[in-house]
Structures are given as C-alpha cells and as structure tokens.
Amino acid sequence: MRREVSTGSGSDRVARTMIVAKIETRSLPLSVLTSFHIETFLLPGLSRGRGKLEVNNLHMNEIIVIGGGLAGVEAAWQAANTGARVRLHEMRPMQKTPAHRTDKLAEIVCSNSLKSDEPGTASYLLKEELRRGGSLVMQAAAATRVPAGAALAVDRAQFAEYVTDKIESHSQIELVRKELTQIPRDVITIVATGPLTSDSLTADIIELTDDDQLYFYDAIAPIVAADSVDHSIAFRAARYGKGGDDYLNCPLNEVEYAQFYQALVEANSVPLQRFEETRWFEACLPIEELARRGVDTLRYGPMKPVGLINPYTGEQPYAAVQLRQENLMADSYSLVGFQNHLRYGEQARVLRMVPGLERAEFLQFGQIHRNTYINAPRTLAATMQMREHPNIFFAGQITGVEGYVESVAMGWLAGLNAARLLKSEELLRVPPRSAIGSLARYVSSAETKNYQPVNITFALLEPLTAEQARGVKRKRDRHALQVKLALAEWDQWLENICLDAEPAFAPAP
C-alpha cells in the first residue's frame, strides 16, 4: 500500500517519500524502490520522472556524514572520491567526549593496535580487502606504522594528523566543526557517530530506530613513559619470535604473580552509572574483571608467557606483561590487554608491583567509557541503509561491529553506497565470502533478541564447501584457503564494479 503526503502550496508543493515497511535485505537502487508494493511517501527533493526517482533539490546534491571517527572519515573519503559532495560534521572540539583528547579526526582512543596483519588470519583478510579497495584509513596506517610484531599498530598522533590533513585538503569534502543533535530526515545521511554518540543525538537515534538504547562498557589501557621502564628486568621479544623484539616484556615468577593477582582483585574501581546494568564487551574485558573469573585466567589471557623466553634466565616466565610501542619516537609504551577501570591511585599502586614497572611514569591511566550501538538487524539492510528510511545509513561501531578495522569496513561500504544512491545507481552487494560481506551480513541478519557486537572471525566467514575442504586437514591450512578464495573473489568483484583491484598499499611482510 502507498501513502503520499504533499506539503506547501501551488508551485511550491513538494512530494515526500519514505519507506516505512521492511525492505528485503539486499542492494537496491533508489530508482527501483518504488516498484515494491510497500507503504511509501516521497522525500523532499525527489520527484518521479520516467519511472524513477530523480534529485531536484540542492539539499540532495550532497551527502551528510555525522562523525569524524574512523568510520566517518572512511565513508566521507569513499563518497567524495566518486565525485559526490560531502559535508562531514564533527562535534569536537566544540563538544567533547569522555575519551577523546584532541580535535583531530580519526583519533584512536583505546589501543593503538589494529590487530593482527598476519597472512591467513581473518583480521588480515579484512585489512587486505580494504587496502585493495582504496581505504584512506589503511593508507594512514601504512604511513604511520610502528613495530608490533605480527600486529598492525600505529603512532596514534601521526595517524590522526595524516587523516585530518587528507580530509581537510579534499576538494569534495567540507569539514564542519559543529554538533548535530538530530539526524536530517530529508537528505542522504551517514550516521557514523561511534560508541561515544552524544546524549542528544542518541535520543534522536532511539526515536528514529524505535528501539531501546543498547550499550556496553569498554575500557582503555594505561600508557607509560619508555624511560621509566627498568630495562635490566624487562626484555625485548615477541611471542614465538613473531616480529622479533618488537615488544617489551615484564616477567613475573609464581610468587610475584600471586601477589599481583591478589592486589588486583582487591583494588578499588571507579563506580559505574547507578541503576544501570553492567554490560562488558567480552573481547575487551577490564583486567580486574577478567581476574575475578579465576586465578589463572590472566596467565591464559593477556599475561600468558607462552612463546616467550627470558634472555636473563633462559627460561619461560610464569607470567608476563607485554608493552607495545605507542609512537614512532618510541618514548611511550602501552600495557597490552591491561584496559581497566580502577581508580588512578590504585592503578599506579597495583601496576608498579609488576617487575620492571616499579618506577613507571604513567602518561595515561586506564579509563572506562560507555559505548552505544543500535540493534542493527532490526534496522539495517546489508547495504548499511535503514530499511524504513533508505536515505539514512549507519556505519562503524554504532552498528554493532567491534574493532577499528571493522568500523572502517562499515564506513567504506556505507560511503560507496550513499554515493551510488545519490546518483540513482545500483547499490553494492558485497561478496558473501569476503570479510566485509560477512560483517554486513551479521549486522543486517543476526538474531535480534541478544544482539551483541562482534569482531571479524572465521566463525563469521562462509565455511569451505565439502569439496574445497577435502584434503585440507589442518585448521590453519583451511583458514589460509578461505582467505585465498575470498581475496580472489574480492579482486574479481572490485574489477566488476570498476574499483582498482590492485593493492593500494603494501600488506604486512
């Protein structure tokens, strides 16, 4: 059934259209949306002409991107590179967040690691798809990379500077330093406000999606000055030799570990919001919460010593704390996996019990912040469009993906599809075997009742067929084959949609 509503009078009368019934989850060009027998009303700036919807309003000649984080800048970059005019709204520095420190775009507030870039892993596959798809964030990461073994880690200050310069110098992008408290309903808009969406905009998102607010708590790891680490105790190595000596390792014996563990579980934490259920993201639990699950949990998690040999003793330590280089100057290191929400004084007291950190100077203490996300499967199609408002896209962590690169991927897809919608072109259907396709499939079709954020894993990717898996016994080899097949399909798809299938930036060695 169709409902059409007109506003204005005489020659100023404008038809409005909006999809208010569920659209089948697949890519659809704007020109064919009206062929469905669904309830509609026309958007301002759109009129019917020769069987399709045409843009005739200046407001529809540009794309609004809300949020200058990783997903927002990627979306803006991809849309602008197709020739679309983009207005990128970033509320900082006018409006601050609990975690950001600067006014730079794409500021990384948690770990400076973009996770593994080891060929054959799901994380590598996602990065490689983006590299081959011309990702701005992957370009910035390659330019500002710091040693981190098999992981891709960046100098966060130079990374944000690089991205900000690229966005500000792009002729098709207008950067607006102003908070938007409402999502425009009558223009093509990409909401990429991330997990730290302002309260006012969160309220508008709840109204727009007609859903209760979803959230989880996330925590940030401490950073220490490099020259405050005792290098007569800490030793350089990476687990199993992957990456050579990229990490600093503080070893603990059994007694030292027991004392540290006891102090950690007894330390005072910062209280959370009253009257609010505590929901943690399982892949990024605060270290004190992880410790409460059992005395050996840390030794099988962030403090695992496996694959590390202490050159001072020639033996593997009972437990170890790893420190990862934070910047190209190598004057600061973050404590890997040590995100927490302890009071600052308690952090200093407990962490200085770790051998090698007795005189640690903390440049940043661990912090906690509340992450907001929507129930995407109820709201979004695999194109990142809202089903009921197809001119509005969501991208990044607010969709329910977790992780820097996962957020970038959703921004990449939303930016390209928003530009195609603007030009009344068919929207992209990402190959199902790909990592980006797998994430899009998850956020658009996962179970809605207990919807939880996810990182990219092989569990999300399409499994090998019985024929493909025949003769491939080891899990590692099966995963390597999945990556190989996915990249072959990805390159062919990029060629078909006329995007350069050549790697834009060098992959990890």
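The distance between label points at SER424 and LYS484 comes to 4.6 nm (points 7 Å beyond Cα on the Cα→Cβ vector).
Put a dot 7 Å past the Cα of ARG474, heading toward its Cβ, do the same for GLU495, and the two dots end up 3.1 nm apart. Ranking LEU363, LEU175 from most to least accessible surface, computed with a 1.4 Å probe over the protein chains only, gives LEU363, LEU175.
For ARG185 and ARG101, what is the calculated FRET efficiency with R₀ set at 30 Å and r taken between the beta-carbons, to the nearest 0.05? Efficiency, rounded to the nearest 0.05: 0.35.
Pop out the Kirkwood hydrodynamic radius of segment 365-509 from its pairwise C-alpha distances, inverse of mean 1/r, in Å to one decimal. Intermediate results must be reported in sequence, preceding the final value.
Details: mean 1/r = 0.0600 Å⁻¹.
Final number for the Kirkwood radius of segment 365-509 is 16.7 Å.
At 1.4 Å probe size, with every protein chain present, just tell me what the per residue accessible area of segment 135-199 comes to in Å².
Values: 2320 Å² over 65 residues.
On a per-residue basis, 36 Å².
Summing +1 for each Lys or Arg and -1 for each Asp or Glu, what net charge is found among the other residues whose Cβ lies under 13 Å from the Cβ of ASP245? Result for the local shell: +3. Each label was represented as a point 7 Å from its Cα along the Cα-to-Cβ direction; for ALA459 and ARG177 these points are 4.3 nm apart. Net charge of the neighbourhood of ASN327, taken over other residues with C-beta under 15 Å away and scored Lys/Arg +1, Asp/Glu -1, is -2. Looking at TRP412, THR383, MET353, which one has the Cα that reaches farthest to the positive end of the dipole of segment 305-449 (charges on Cβ: Lys, Arg +1; Asp, Glu -1)? Projecting each Cα onto the dipole axis, the largest value belongs to THR383. Computed from the Cβ-Cβ distance with R0 of 41 Å, the FRET efficiency linking ALA466 to ALA143 stands at 0.40. Among 393-400, 82-89, 69-76, sorting by the average number of other beta carbon atoms lying within 10 angstrom of each residue, highest first, gives 69-76, 393-400, 82-89. A Förster radius of 22 Å combined with the Cβ-Cβ distance from ASN253 to ASP331 puts the calculated FRET efficiency at roughly 0.15. Computed from backbone phi, the HN-Hα couplings of segment 314-325 come to x, 10, 7, x, 5, 7, 8, 9, 9, 10, 10, 4 Hz, rounded to whole numbers (Karplus: 6.51 cos²θ - 1.76 cosθ + 1.60, θ = phi - 60°; Gly and Pro given as x). Separation of segment 128-174 and segment 434-497, taken as the distance between their Cα centroids, equals 25 angstrom. Ligands, DNA and RNA left out, the accessible area of segment 91-206 computed with a 1.4 Å probe is 52% carbon and sulfur.
The values are calculated or read from the model by the stated rules, or taken from the named source; none is laboratory data. Note that the structure is predicted; figures quoted are calculated from it, not measured. With ideal geometry, Cβ positions are generated from the backbone for all residues, glycine too; neighbour counts draw on all protein chains shown. For accessibility, only protein heavy atoms count, side chains too; no ligands or nucleic acids. Shrake-Rupley method; radii C 1.70, N 1.55, O 1.52, S 1.80 Å.
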